[in-house]
């Protein structure tokens, strides 16, 4: 798929969009840390973060067997399978591989497109021929020649496994079919009507102007313009599909419905701007351009689509801009639906993800990181920019034996590398998901110098009353470690960090407190103290923190 060039829509300061809402905010419009927790942001400069923020968010997909069943239920795909079976053992075709005249009406009846009795309607025959063409393109039907020179069609080798429901075969065939329809949807057989009319008018009024050098030159120019129009349409469709894909990141597959006007606005309106009269016109143009292409993709089950109501079109001027004009009252739900509604199906998510992967995008699935052991899980979450940590942790802990899972998480949390504080924070989050059954494993690490402080706090939060207080050194180390994890998790967000800093257990004698803290042997001691010194609102506390940070740097 082509890289997105859409305008950035306005984004909230924090948090993810509501799963059930449809609006102008999509996952790609949020800051990296707002979406995923900035686990991979540590150490990146602004340019790196800009690149990381356009990564495709993870999505949930049904099992491949379920997707295959959905593919077989798509009418056009099902027609292709039926026609392929109908050719067995062989069926005569013409020299182009098309059905002969006598077989065309029976094919339409076979597919249920025409009544059993009487003449088959022309549109039913056309639909059957389209399904035949698709079956041939997918090699579900193979064309050959007999020894007598007759042209015949026979079932292809993929038909039987597809009929049996082999998920890999079905999905590969469906994806090929979706790709064919995607290409056909943007084919420009001629110049747009308006451009063709302008061209004719220019030629009619070009009295005395030089004639083209030759008809070949004229045709070449026309073909170039057609190809340019086709490329623009393909790019627009790719952008629209990727935006639709992104809206599914925080919703169950196939549940997010987007008004076509909203989709067009996301492609047109620059960040932070209200749509002007001119932009409303551009939005309408994009809607009109997308309408037939989305309708074509709906035929293969890529999406569910309610097209623009034809009655909205004025024969001379075309459709009014969405909303009628700047300052107009917003449309109610039913009136807005007349301008088009689009919803990406789970099959569509699957197909677009495959196209993104083919083009080199990182397009993960929720739960992909949860397939290995705890060490792989925690490392993967820390290193991946486009990951939903809580989702991955929840998938991992589900169906695992609680005590064994807790022990594995705690063991994977140890270390003094750059990501170690985040691993420990993620482990605490996962232990919270396991709950009380993890208690025996947590009690086993009460005296661990890296895990003991957090383990004691976890047990107290659980309601335990027999937990001994940590030694002073362990308590101070845990303060640095916990704040370091938050420092990395927030990506350096000053507002969030000030809230965390306000909770630091600074006593009435900050010089004494920071005098102890800078001596803590932790890789992030100086970083934490510098953050406190920069952001603490109490000038005395901030000054002592900066002095302590300097000592910690000198010590290291």
Across all Cα atoms of the range 468-556, Rg and the largest Cα-Cα distance (Dmax), in Å, are 12.0, 35
The range 388-470 -> Rg/Rh from Cα coords, Kirkwood Rh, value 0.94
When all Cα-Cα pair distances of the range 64-177 are considered, the percent exceeding 25 Å is 22 percent
Hits in the range 122-164: amide N under 20 Å from the 7 Å Cα→Cβ extension of residue 92, namely 129, 142-155
Against the 2.2 N^0.38 Å rule of thumb, the C-alpha Rg of the range 406-556 sits at a ratio of 1.05
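Values quoted throughout were computed directly from the atomic coordinates according to the rules given, and no laboratory measurement underlies them. Just so it is clear, the structure is predicted and the values come from calculations on it, not from any experiment. Quick reminder, even Gly has a Cβ in these numbers, built from the backbone with ideal geometry, and neighbours come from all protein chains shown.
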